[in-house]
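Taken together, the values in this text are just the output of simple stated rules run on the coordinates, not laboratory data. All values derive from a computational prediction rather than experimental measurement. Note that each Cβ is placed from the backbone with ideal geometry, even for glycine, and that neighbours are counted across all protein chains shown.
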Amino acid sequence: MTSDPDYDVVVVGAGVTGLTVANRLRAAGRDVIVLEARDRVGGRLLTETVDGVRLEVGGQWVSPDQTSLLALLGELGLETYSRYREGESVYIGRDGVRCTFEGEKFPVSERTADEMDRLTVVLDKLAAEMDPLEPWNHPDADRLDRISFAAWLAEQTDDAEARDNIGLYIGPAMLTKPAHSFSALSAVLMAASAGGFSHLVDADFILDRRVVGGLQRVPLALAGRLPAGTVRLGEAVTKVEWDADGATVFTGRGRYRGRNVVMAVPPTLVSRVQYVPALPPVQAQMRQHISFGLVIKLHITYEKPFWRELGLSGTAFSPYALVHEAYDNTNEDVAGETRGTLVGFVSDVKADGLLALDAAERRARVLESLAAYYGEQALKPVHYYESPWMADEWTVGAFGTSFDIGSLTRYGRHLRSDVGPLAFASSDIAGLGFQHVDGAIRMGEAVAARLLS
Ligand code: FDA
């Protein structure tokens with residue numbers, strides 16, 4: 001084991017959060033080292049070529065409200081392109097009937113549509129009253145945090161299809177947990193962090209653009225701007241000894257002393273590290289009430305984007321289908337690309353069910369679900385790929401983490417508190433951009449600014 005010289009700051013984790021911290025501190029002349037457990041940078045951002053198809057295995061979309069990410073893309077000179085969205089979308093309703101539609105409003109009965117519109121207004125109003133950095137200060141925080149989002153929806157309307165659809169936007173599609181397992185306050189936080197519930201309803205807004213070459217180019221570029229040797233891969237941090245003057249971080253390969261340490265890892269993984277002395281009780285308790293959601297991101301490639309010939313955009317939704325949402329994810333930035341790729345998502349309890357099957361059965365179920373949206377041609381892909389995040393020990397879920405019922409008001413205000421020389425940051429504890437790359441940048445910049453001041 002080597003003992004390195006002292007650093008101003010030791011950053012744990014080379015996701016976008018940790019690399020943003022390191023870049024900002026380095027630009028201000030601070031001596032920084034980044035320790036990353038994996039053999040690559042990027043954390044939940046990963047662009048891989050599998051069977052000759054380039055896939056964005058983790059995060060990929062950029063929306064107009066994500067101003068920190070858009071600014072960073074500009075700073076790094078990275079370009080974006082628009083997701084393919086010409087043609088009709090598909091919806092499968094509670095009665096199992098498949099309908100096509102244009103625009104963002106699902107083709108539901110007039111009553112259900114009215115209820116969905118009304119609930120959208122209610123949720124937009126609640127989100128507008130919330131500072132996403134301080135959801136516990138919402139005027140109705142205590143009540144909203146005591147009730148599950150599913151129970152809150154049941155209080156609001158007796159229209160089951162309206163409830164299922166509104167629940168879909170935040171449950172399966174965002175927090176990737178069943179709507180009965182997180183609070184209405186967490187649901188409002190999700191909406192407020194994206195600039196309003198209406199943004200989550202509008203796929204053309206929230207899934208607006210992709211980065212040429214893939215979103216992992218952001219952390220790769222951030223790491224590339226640091227001096228050689230600053231980012232150390234394969235250095236899983238196991239122990240942090242801290243006192244008033246600084247902290248020593250231990251990995252299997254060495255120990256690193258910093259005046260400050262930034263734990264730029266998801267809250268669930270903060271607790272996997274041993275702290276000497278132990279973190280204060282509230283810190284340890286708090287993180288037992290935070291958990292990752294579960295979603296399987298599926299990439300299915302066909303010889304050609306056959307749905308386009310059918311007049312379909314590739315966009316499909318149904319709270320009643322195994323694949324609750326799917327989109328055309330063809331790599332428009334790859335010259336000469338003739339194949340077509342769909343991306344689909346299977347979330348929470350449906351993902352549990354899928355994971356209980358063997359690989360061939362999983363594939364068959366997913367393709368059947370896609371065929372219900374796009375027709376028989378969906379049964380014959382040339383490539384099929386399931387994201388591996390749930391079994392990856394340095395993430396263990398997707399997309400991000402959230403509190404259980406009642407815990408956002410009980411513990412939330414401690415999320416971003418420093419403990420002696422230790423600071424904590426990740427997209428999971430962001431306000432604006434919560435659970436998104438934009439939030440990772442905001443958290444990284446905020447921690448860097450605090451350390452510099
Ligand atoms: P992140 O988890 O990326 O980084 C933490 C790093 O710490 C990791 O590299 C990990 O290996 C490392 N680490 C953990 N423990 C360690 C230890 N003990 N020692 C050393 N290193 C350790 N966002 C978005 O904006 N648009 C999108 O379309 C999507 N879609 C999406 C799809 C999927 C499938 C996923 C999984 C996620 C998304 N996201 C997204 C979310 C987005 O990817 C995510 O919010 C950020 O990338 C998180 O960045 P962080 O740096 O905060 O954490």
Report summary line: Per the rule of 0.36 nm per residue minus the C-alpha distance, extending Asp202 to Glu361 adds in nm 54.0 nm
Report summary line: Dividing the mean separation of Cα pairs under 8 Å (6+ apart) by the residue count of the chain yields a relative contact order in percent of 26
Query raised in the report: Toward the positive end of the charge dipole of region 387-445, about the Cα centre and with charges on Cβ (Lys, Arg +1; Asp, Glu -1), which of Gly433, Ser387, Tyr411 goes farthest?
Result: Tyr411
Query raised in the report: Thr100 versus Ala278, label points 7 Å from Cα toward the beta carbon: distance in nm?
Result: 6.1
Report summary line: The answer for the net charge of residues other than Gly340 whose Cβ lies under 9 angstrom from its Cβ, with Lys and Arg +1 and Asp and Glu -1, is 0
Requested in this report: Excluding residues on the same chain fewer than 8 positions from Lys350, give the lysines whose Cα lies under 27 Å from its Cα.
Outcome: Lys105, Lys177, Lys297, Lys380
Query raised in the report: How big is the charge dipole of region 297-336 about its Cα centre, in debye rounded to the nearest 20, if each Lys and Arg gets +1 on its Cβ and each Asp and Glu gets -1 on its Cβ?
Result: 120
Requested in this report: Arrange the peptides 97-105, 365-373, 53-61 so that the one whose residues have, on average, the most other Cβ atoms within 10 Å appears first.
Outcome: 53-61, 365-373, 97-105
Query raised in the report: How large is the dipole of the chain about the Cα centre if only Lys and Arg carry +1 and Asp and Glu carry -1, each at its Cβ, rounded to the nearest 20 debye?
Result: 1340
Report summary line: Expected sort for 422-428, 14-20 on mean C-beta neighbours within 10 Å, highest first, is 14-20, 422-428
Query - Cα lying deepest toward the dipole's positive end in region 154-211, options Ala162, Val201, Met174, charges on Cβ - result: Met174
Query raised in the report: Roughly how many debye, to the nearest 20, is the charge dipole of region 237-371 about its Cα centre, given +1 on each Lys and Arg Cβ, -1 on each Asp and Glu Cβ, and no other charges?
Result: 620
**Report entry** Least to most buried among Val211, Val334 (fewest other Cβ within 10 Å first)
**Finding:** Val334, Val211
Report task. Using label points projected 7 Å from each Cα along Cα→Cβ, tell me how many nm separate Arg232 and Glu48, to one decimal. Result -> 2.6
Query raised in the report: Hey, got the Cα dimensions of region 315-453 along the principal axes, in Å, largest first?
Result: 59, 40, 26
Report summary line: Per the C-alpha gyration tensor (a ≥ b ≥ c, the square roots of its eigenvalues), region 359-408 is rounded if a/c is under 1.5, else prolate if a/b beats b/c, else oblate; here it's prolate
Report summary line: Here the net charge surrounding Ala203, from other residues whose Cβ is less than 12 Å away from its Cβ (Lys, Arg +1; Asp, Glu -1), is -3
Report task. May I ask for the Rg/Rh ratio of the chain, computed from Cα atoms with Rh as the Kirkwood radius, given to two decimals? Result -> 0.97
Query raised in the report: DSSP beta bridges in region 187-285, what fraction antiparallel, as a percent rounded to 5?
Result: 75
Query raised in the report: By a straight-distance test (C-alpha under 15 Å), which aspartates and glutamates pair with Lys304 as possible cross-link partners, with residues fewer than eight away in the same chain excluded?
Result: Asp328, Glu332, Glu337, Glu376
Query raised in the report: Which chymotrypsin sites (Phe, Trp or Tyr not before Pro) does region 312-342 hold that lie in a coil by DSSP with at most 13 other beta carbons within 10 Å?
Result: none
Query raised in the report: Is region 169-279 best put as rounded, prolate or oblate by its Cα gyration tensor, with a ≥ b ≥ c the root eigenvalues, rounded for a/c under 1.5, and otherwise prolate when a/b is larger than b/c, oblate when not?
Result: oblate
Report task. Can you spot the aspartates and glutamates whose alpha carbon is less than 19 Å from Lys239's alpha carbon? Ignore those fewer than 8 places along the same chain. Result -> Asp4, Asp6, Asp8, Glu36, Glu393, Asp418
Report task. Could you tell me which GluC sites (Glu not before Pro) in region 373-426 are loop residues by DSSP with no more than 15 other beta carbons within 10 angstrom of their beta carbon? Result -> Glu393
